Amino acid sequence: CNDLDLEPYNEVTSIQVYEDFGNYKNVLAKLYGGLAVSGQQGPAGDPDISGLDEGASTYIRAYWKLQELPTDEAIIAWNDEGLPTLNTMQWSSDNGFVAAMYYRIFYQISLANEFIRETSDDKLAARGIVDADLETTRLYRAEARFLRALSYYHALDMFGNVPFVTEEDGVGAYFPEQTNRADLFAYVESELLDILPNLVDARQNEYARADKAAAWMLLAKLYLNAEVYIGEDRYTDAITYLNQVIGSGYSLEPNYNHLFLADNHLSEELIFPVAFDGVNTTSFGGTTFLVNAAVGGTMDREEFGIPGGWQGLRTRPEVVQLYPGTDGSPDARGLFHTEEQNLDIEDVAIFQDGYAVIKYKNVTREGQRGSSPGNDQVDTDFPLFRLADAYLMYAEAVLRGGSGGGEAQALAYINELRERAYGDASGNITAGQLNLDFILDERARELKWEGHRRTDLVRFGRFTSADYIWQWKGGTFEGNAVEDYRDLYPLPAADLTANPRLEQNEGY
Amino acid sequence: GNAQAQTVGGTVRDAETGETLPFVNVLIKGTAKGTTTGMDGNYSIDIQSSEDILVFSFIGYDAKEIQVGNKSTIDVELQGNTKQLDEVVVVGYGTQKKSDLTGSVGSVVRDDFNAGQVTNPEELITGKVAGVQITPNGGSPGSGGKIRIRGGSSLNASNDPLIVIDGVPIDNSTVSGAANPLSFLNPNDIATFDILKDASATAIYGSRASNGVVLITTRKGKAGQQTRVNASSLVSLSRVNNTVDLLSADQFRTVVEEQASPSQQALVGDANTDWQDVIYQDAISYDNNVSVTGALKEVLPFRVSVGYLNQDGILRTDNLERTSASLNLNPSFFDDRLHVNFNVKGVLTKSRFANQDAIGAAAAFDPTKPVYDTDGLGGFCEWTNDNGTPQTLAPRNPLGLLMQKNDQGEVKRSIGNLQLNYDLPFVDGLKANLNLGYDITSSEGDIVIPSSSAAGFNEGGSIDHYEQSKENFLVDFYFNYARDFKSAGSINATAGYSFQDFLTINPTFERVNEEGEVLEPAGIETRPQYRLISYFGRVNYNLNDKYLFTATVRADGSSRFNPDNRWGIFPSLAAAWRVSEENFLKANETLSDLKLRLGYGVTGQQDIGSYFPYLPRYVQSDDASRYILGDSYYTTLRPEGYDSDIKWEETTTYNIGIDYEFWNGKLYGTLDYYFKKTDDLLAEIPVPAGTNLTNRLFTNVGSIENKGVEFGINYNVVKNANLNWDIGANYTYNESTITSLSNVEEDAEGILVGGISGGTGNTIQVHTVGFQPNAFYVYEQVYDNEGNPIEDLYVDQNGDGLINAEDLIRNGYPNAKHFFGFNSSTRYKGWSLAFSLRGNIGNKAYNNVHSANAAYQSLRFPDYLNNMPVDVLRTNFQNYNLRSDYYLEDASFIRMQNLSLGYDFGKIFGSSVGLKANATVQNVFVITDYNGVSPEISPGVDNNTGGGIDNNFYPVPRIYSFGLNFSF
């Protein structure tokens, strides 16, 4: 009766996990799954991060909210604390949704660091992992570094000056140093360039895993926004990698609406998706949120393949007005539910104010409902990177003066998108119509509700400024400019308390 | 040759006053034959033999035995036993005379227990002991109460006291299929509660003692006792006595007309339904108990009891059925050198848990709708879409929720121990004590929701099965040495070893629908386990009954911590000076006892929820949380956050106390001041981002302080042959302050806690350094001239022209700083009348029922209408203003817990059967300014909720009960 050394049941110690190569893919699956689910129990119950609502603190849901809710593309009715201030760009450093994104980013980074640390060549050699297993592990390690770079890119874009930790730092009690945008930019760039040779060629990896094209796409995003991040013109670099992406054999999904359905994994347009499944990959985040929260009022639940809506998300009139119609014609991308909805948003808390967006659905192209037996979990994958975005980025980089591409090619890419949307050439534009303002609008038409809008508006100088206002921007119905510092989110107050080495972003 | 029938008679008197005593029991020892004295104190009884022994007994007096011999007249004087100093109190690993105690210990014996329908043991002592607060968890049968001794000493670790039943520390964690882990113990089997409060008393329990220790001793037989059968039967009626003040159907129609859009107005119906009336019922319960006490062949004392309780809840479909049995044997062998104490208790509970969502639904469901609708889902009127499918966001029919969820759990639990206490032959005063105990629970249950119901419609019904088993084992072994060195004092020393292992097995099952489709895959089976190994010792030194010293130490090892931090040492020291034994007071007849106590001790807390918090470990995902890579879904492996250096919380307690007694026990009580400081506080705090495998970690950080005063007083107002009246009062002041919460900045906002309804993820409380835990964190509402709140207008605390998080204030706390109890017990001849009152002063409650419902926003949903509390007519709020301090109310209260009237018929049916009857009302009234259902809201299972948040609270009913008690 003197033994206090008990062993956990159905849990394994870190040493046991890494002794067996058979476990590595399951750890890698967690790194990818960290973008989708909330924890180890679906759809909820054993969360990865705590102190915040479990569903609301999933990666894609938090990312989507910070990228979309403050913009013209979306508005949400709910009064969860902190959410209304996202609608109106009045957030402060104790905003729970800002914290959710921040902690999700660092959760991913910590997980990747742990995996990278535990799969160093030295450690693998010590464990006798050799030959094909060794090569496979090195590939996993490269993908883990890609995922870490992706999250650091999100940190760079949304928070700027964040704590910096790599696999060199262990797990324990210490205060990480704060990095800045320039250093973080350089780090993300060097990481991506460094792993590129080790990644699988474009379109050759397993579904939902990162390949070279995913890394190129991320590099291109880094370069396209380099003026915002580090004040440098890197459009030529952006075009270099966009050419690689576009030349890899992806093709536009013939029917625009099929991109957002329960079987969108079949699409040849997806470059890097975050996968969801109504049975196997469930949470109250991701596309489950995007499908359910967008349904309310007189919308037909059957059409969306869900039992009922959460009555939250609509769009603002400024975005509706970017389209020639509201019923999907002539531009298929302009599809709104307008019955018993008001175009103007007089009361943010009422679902009827603002047109509802018809986009993400839990039905297949054959009209089949998603796989979950009756509940509201959806099968639709989230298109984090897709070819149309690459086309638009290419056109923008060319227009902004990058070399390695041409305006004729840019026009051709844009018109490919428009032909798909219009069904014919009637919506095509001329070279004279192709300018940066058009690109910004076209990005909204093509990519609305896909998590790009805040970054786009910042890049165009229109996120906070008076150059472009929309209803409830700044907290008034007519809209008004807000302080420039809101181009970046604040570091959460909780981390400033926990880590005395951090300094708050300017203005907060 | 002595078999000679004769008649014996005489008079029984009070030894002090000389007054005659009626109703005294006179029994022939070892038989069931007996009588009682008449109003004149006279008795007469026929005996069989001159060797018969008569036993005279009466409540409040010491029993007396007299052998008849050849006397025909036996007059008896009985000595009143008010002197409580000779009472024996159970302390950890032994007993002590009350007069010898150096620590702060509160005791409640059977005679003082609360009467009426008491389902859970802790309800027996609610309001009886200073420093002990028992807050009801709600009105559901068996839900019991939350016990807090001297406030909580932790923030996130458990604040529950250690509970020890007959020497076996029990696992007090949640049991699947039971409302409360203590509901398995039949209150009728309990003899005494001894509550160890300060560290000098509790430190013998080391790492589990920071929140006090409750020692429960069950009833036993006595050697030489005649066999007695006791049967009791209690029938009770529970009735809801407070509900939410909602708009009536007519008021609702008016409000909809004024406030809602035409399309919403079209949704109004013409029924008049009071949904709270529909979901609550008058509930009947029966509680029957039989016990047999005695001594087989005079040498094997035993007690056997059987109990059966069937209790309905006031919320329809709520029911608890409990069958319990217990056996105690406590024989002695080898000329009393070996004492054996053997206990086995077994219980079977069958519960049907009512769907408590119905409480919130009754507050929100449209009162203009009828209960039933033959075309509706499952025959109930529900909010549906045009195609007849249920609306997912609308409230559900409250009665439908109750009738269409069958949630049944069955728990079998047995706890038992064998204690051997052996007087070692070679060393005088040396005893060895071995205690082997177990606590085993096995539970299972099913939750079934039919596909015909609104709740089950979309999933095609739902069938959920669960099981759980718990296996806990205990081995204690200790030596006890007692010796009196006369003028050099006496010594009583104990030293021992203890081992306890706790294992829970949680198998998992898939949740399926009626067609057998899997709705949720089976999760990952868990088997949390921990083990404690301890060495402990105690020395009591008594010099001339004047100077008393106690020193204890416990070394505890817990499997929860890393081998380097695993062992903790928990010492205590205490001294007491019995001033009244000094010569200058000894002759004083007024002040019959005065003792000063001084104690210091360190205790720990290892009950931190997690079982391997120090170990880097990976957890597998369940099948619904996999991720696709290529064509296959992979279960994921997640590294858990960990703190390899995590260790005990340590609470240091200082206690200074006075025990006083006047006029030989006519007035007595205690006064204590305590100061507790918990360091290495285990709290869940945000870690610096990027440094761990989670964002919040359970770690040793910060400190919390508790200080308080406890005062207890008991007074015997009058005592004579016919009338006895005792009153008692207790008062506690307790104040907690968080003194540190992190290793760095201390002026931070703090940690948001106290989840509320109305949106997801909203909170209303905060833990901040410099404040009490769980401070309500709110905006200060601005009011108009009529005193009504102005919507969206709050005080701009920092004057920056904006209302944002910087204007939140900490405004009050859910925990009362002052609480008190008052008891009165009167006996007049055969009648007895008792009542108890208790109350809190200065606590606040947040009315979440109002804040999340009482706004016209409830009428803004396009396809359904929500009812609102009447409060909306005062505020006229359009939107929910969750953070307004308007919803924070003073929740001070006085509650009459208990009012009980009894009559002792004495012997009926010839002279062999005694009969007592009693009628009790529980929860008689509550005086409070609080506007919600109950001013007293317990913290619930999860400490983070902090209590004081009134969110669809299950009302505690008023209970009327009538009981009969037969003995023969």
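Just so it is clear, none of the values below were taken in a lab; they were calculated from the coordinates. Being a predicted model, the structure only gives us computed values, none of them experimental. Here the Cβ positions follow ideal geometry from the backbone for every residue, glycine too, while neighbour counts run over all protein chains shown.
Quick one: of the DSSP bridges fully inside region B:3-78, what percent are antiparallel, nearest 5?
Numbers: 19 of 23 bridges.
The antiparallel proportion sits near 85 percent.
Using the 2.2 N^0.38 Å rule of thumb for compact globular proteins, work out how the protein assembly as shown stacks up: its C-alpha Rg over that value, please. Present the calculation step by step, with values, prior to reporting the outcome.
On the way: Rg = 36.4 Å, N = 1476, 2.2 N^0.38 = 35.2 Å.
For the protein assembly as shown, the normalised Cα radius of gyration comes out at 1.03.
State, as an integer percentage, the relative contact order of chain B based on alpha-carbon contacts under 8 Å between residues 6 or more apart. Mind showing how you got there, number by number?
On the way: 2826 pairs, mean separation 112.1, N = 968.
In percent, rounded to a whole number, it is 12.
Let me know the charge dipole size of the protein assembly as shown about its Cα centre in debye, to the nearest 20, where only the beta-carbon of Lys, Arg (+1) and Asp, Glu (-1) is charged.
Details: 113 positive and 195 negative charges, 1281 e Å.
For this selection, approximately 6160 debye.
Restricting to DSSP H runs of at least four residues, report the calculated mean residue ellipticity at 222 nm for chain B, -39500 (n - 2.57) per run over all residues, nearest 500 deg cm²/dmol. Could the numbers behind the result be given before it?
Numbers: 10 runs with 55 residues, N = 968.
It lands at -1000 deg cm²/dmol.
Amide H neighbours of B:ALA191 under 5 Å, at least 5 residues apart or on other chains, H built in the peptide plane: list them.
Residues meeting the criterion, in which the H sits 1.01 Å from N, are B:THR217, B:THR218, B:ARG219.
What residue among B:ASN406, A:ILE105, A:TYR394 has its Cα farthest toward the positive end of the dipole of the protein assembly as shown, where the charges are +1 on Lys, Arg and -1 on Asp, Glu, each on the Cβ?
So the residue we want is B:ASN406.
Please state, as a whole number in µm²/s, the translational diffusion coefficient that the Stokes-Einstein equation yields for region A:185-278 at 4 °C and 1.567 mPa s, with Rh defined as the Kirkwood radius across alpha carbon pairs.
Working: Rh = 14.4 Å.
The diffusion coefficient I find is 90 µm²/s.
Considering only DSSP beta bridges whose two residues both sit in the protein assembly as shown, what percent are antiparallel, to the nearest 5?
Working: 372 of 384 bridges.
The antiparallel proportion sits near 95 percent.
So if we plug the beta-carbon distance of B:ASP890 and B:ASP784 into 1/(1 + (r/R0)^6) with R0 = 25 Å, what FRET efficiency do we get, rounded to 0.05? Kindly include the intermediate steps, with their values, before the conclusion.
On the way: r = 21 Å, r/R0 = 0.84.
That pair, B:ASP890 with B:ASP784, gives E of 0.75.
So what's the angle, to the nearest 10 degrees on a 0 to 90 scale, between helix A:407-422 and the longest Cα principal axis of chain A?
Tilt relative to chain A: about 80 degrees.
If one takes the longest principal axis of the Cα atoms in chain A, at what angle in degrees, from 0 to 90 and to the nearest 10, does the Cα axis of helix A:181-195 lie?
Orientation of helix A:181-195: about 70 degrees from the principal axis.
Report ³J(HN,Hα) in whole Hz for each residue of region B:923-934, in order, from the Karplus equation J = 6.51 cos²θ - 1.76 cosθ + 1.60 where θ = phi - 60°; Gly and Pro get x.
Taking θ as phi minus 60°, the curve returns 6, 5, 7, 10, 9, 7, 8, 5, 8, x, 6, 8 Hz for region B:923-934.
With no solvent and one point per C-alpha, what does the Debye sum give as log10 I(q)/I(0) for region B:84-225 at q = 0.17, 0.18, 0.19 Å⁻¹?
Here log10 of I(q) over I(0) equals -0.96, -1.08, -1.20.
In nm, what is the difference between 0.36 nm times the number of residues separating B:THR374 and B:ASN387 and their Cα-Cα distance?
Numbers: separation 13, 0.36 × 13 = 4.68 nm, distance 1.60 nm.
Extra length from B:THR374 to B:ASN387 when fully extended: 3.1 nm.
Using Cα-only point scatterers and the Debye equation, what is log10 of I(q)/I(0) for region B:801-861 at each q in 0.14, 0.22, 0.23, 0.27 Å⁻¹, rounded to two decimals?
One equal scatterer on each Cα of region B:801-861 leads to -0.74, -1.00, -1.01, -1.08.
Taking the highest mean first, how do the peptides B:587-598, B:775-786 order by number of other beta carbon atoms within 10 angstrom per residue?
Values: B:587-598: 15.6, B:775-786: 17.4.
Ranked from most to least packed, the peptides come out as B:775-786, B:587-598.
By counting other Cβ atoms within 10 Å of each Cβ, how are B:SER610, B:SER305 ranked from fewest to most? List each step's numbers first, then the result.
Details: B:SER610 18, B:SER305 21.
If I rank by nearby Cβ atoms, fewest first, I get B:SER610, B:SER305.
Based on C-alpha coordinates, I'd like the Rg and Dmax of region A:309-405, in Å.
17.4, 52
Once the Cα gyration tensor of chain A is found, what semi-axes does its equivalent ellipsoid get, as square roots of 5 times the eigenvalues, in whole Å, sorted largest first? Each step should come with its number before you reach the end.
Details: eigenvalues 246, 138, 120 Å².
Ellipsoid semi-axes (Å, largest first): 35, 26, 24.
May I ask for the equivalent-ellipsoid semi-axes of region B:797-902, computed as the square root of five times each C-alpha gyration tensor eigenvalue and listed largest first in whole Å? Could you put the intermediate results ahead of the total?
Values: eigenvalues 360, 95, 12 Å².
After diagonalising the Cα gyration tensor, the semi-axes are 42, 22, 8 Å.
Take the Cα atoms of region B:3-78, find their three principal axes, and give me the spread along each one in whole Å, biggest first.
Cα spread of region B:3-78 along its principal axes, largest to smallest: 37, 20, 17 Å.
Reported to two decimal places, what Rg/Rh ratio describes region A:1-73 when computed on Cα atoms with Rh from the Kirkwood expression? Present the calculation step by step, with values, prior to reporting the outcome.
On the way: Rg = 17.6 Å, Rh = 15.1 Å.
That ratio is 1.16, to two decimals.
Given just the C-alpha atoms of region B:756-857, how large is their convex hull per residue in cubic angstrom? Show your work: numbers first, answer last.
On the way: hull volume 20.8 nm³, N = 102.
In region B:756-857, the Cα convex hull volume per residue is 204 Å³.
Pairs of Cα atoms under 8 Å, at least six residues apart: use those to get the relative contact order of chain A, whole percent.
19
Excluding residues on the same chain fewer than 8 positions from B:LYS666, give the lysines whose Cα lies under 23 Å from its Cα.
Qualifying lysines at Cα under 23 Å: B:LYS64, B:LYS83, B:LYS97, B:LYS98, B:LYS128, B:LYS546, B:LYS586, B:LYS595, B:LYS719, B:LYS829.
Which distance in Å, rounded to a whole number, links the C-alpha centroids of region B:601-645 and region A:160-183?
Value for the Cα centre distance between the two parts: 24 Å.
List the lysines whose alpha-carbon lies under 22 Å from that of B:LYS345, not counting same-chain residues fewer than 8 positions away?
Those lysines meeting the cut-off are B:LYS220, B:LYS222, B:LYS412, B:LYS470.
Sticking with the crude label model, points 7 Å out along Cα→Cβ, report the distance from A:GLU503 to B:ARG527 in nm, one decimal please.
The answer from the label model is 5.5 nm.
Using a simple spin-label model with points 7 Å from Cα along the Cα→Cβ vector, what separation in nm is obtained for A:GLU232 and B:VAL344?
The answer from the label model is 8.1 nm.
Which residue, chosen from A:GLN178, A:VAL274, A:GLY406, occupies the Cα position most advanced towards the positive end of the dipole of chain A, where the dipole is computed from +1 (Lys, Arg) and -1 (Asp, Glu) charges on Cβ about the Cα centre?
Ranked along the dipole, the leading option is A:GLY406.
Of B:SER825, A:SER120, B:SER154, how do they rank once you tally other Cβ atoms within 10 Å and put the fewest first?
A:SER120, B:SER825, B:SER154
Evaluate the relative contact order of region B:3-78 (contact order divided by residue number), counting alpha-carbon pairs under 8 angstrom at least 6 apart; express in whole percent. Walk me through the numbers before you get to the answer.
Working: 177 pairs, mean separation 29.2, N = 76.
Rounded, it is 38 percent for region B:3-78.
May I ask for the distance between the Cα centers of region B:511-538 and region A:430-508, given as a whole number of Å?
Each part's Cα centre sits 46 Å from the other's.
Could you estimate the translational diffusion coefficient of chain B from the Stokes-Einstein equation, with Rh from the Kirkwood formula over C-alpha pairs, at 20 °C and 1.002 mPa s, in whole µm²/s?
Details: Rh = 30.9 Å.
In µm²/s, the coefficient rounds to 69.
For region A:378-391, take each phi angle, set θ = phi - 60°, evaluate the Karplus expression 6.51 cos²θ - 1.76 cosθ + 1.60, and give the result in whole Hz per residue in order, putting x for glycine and proline.
Coupling constants for region A:378-391: 10, 9, 5, 8, 8, x, 5, 10, 9, 4, 4, 4, 4, 4 Hz.
If R₀ is 35 angstrom, what is the calculated FRET efficiency for the pair B:ASN804 and B:ASP645, using the beta carbon separation as r and rounding to 0.05? Before the final figure, lay out each step's value.
Working: r = 38 Å, r/R0 = 1.08.
For R0 = 35 Å, the calculated efficiency reads 0.40.
Which length gain, in nm to one decimal place, applies between B:GLN6 and B:LEU964 when the Cα-Cα distance is subtracted from 0.36 nm times their residue separation? Please list the in-between numbers first.
Working: separation 958, 0.36 × 958 = 344.88 nm, distance 3.39 nm.
Here the answer is 341.5 nm.
What is the calculated FRET efficiency for B:VAL304 to B:SER912, with r their C-beta to C-beta distance and R₀ = 35 Å, to the nearest 0.05? Write out the running numbers ahead of the final one.
Details: r = 20 Å, r/R0 = 0.57.
The value I calculate is 0.95.
Against the longest principal axis of chain B, how steep is helix B:249-259, in degrees 0 to 90 to the nearest 10, with axes from Cα atoms?
Roughly 40 degrees, rounded to the nearest 10.
Where Rh is the Kirkwood radius over the Cα pairs of region B:433-498, the temperature 37 °C and the viscosity 0.692 mPa s, what D in µm²/s does Stokes-Einstein return? Walk me through the numbers on the way to the answer.
Values: Rh = 17.2 Å.
Estimated diffusion coefficient is 191 µm²/s.
Once all Cα-Cα distances of region A:354-445 are split into 5 Å bins that start at 0, what whole-number percent is in each one?
The calculated distribution, bin by bin, is 2, 12, 18, 18, 14, 12, 9, 7, 5, 2, 0.
Give me the one-decimal nm value for the distance between modelled label points at B:LEU901 and A:ARG203, 7 Å along each residue's Cα-to-Cβ direction.
Spacing of the two 7 Å Cα→Cβ label points: 9.2 nm.
Going by Cα centres, region B:802-825 and region A:344-421 are how many Å apart?
That distance is 51 Å.
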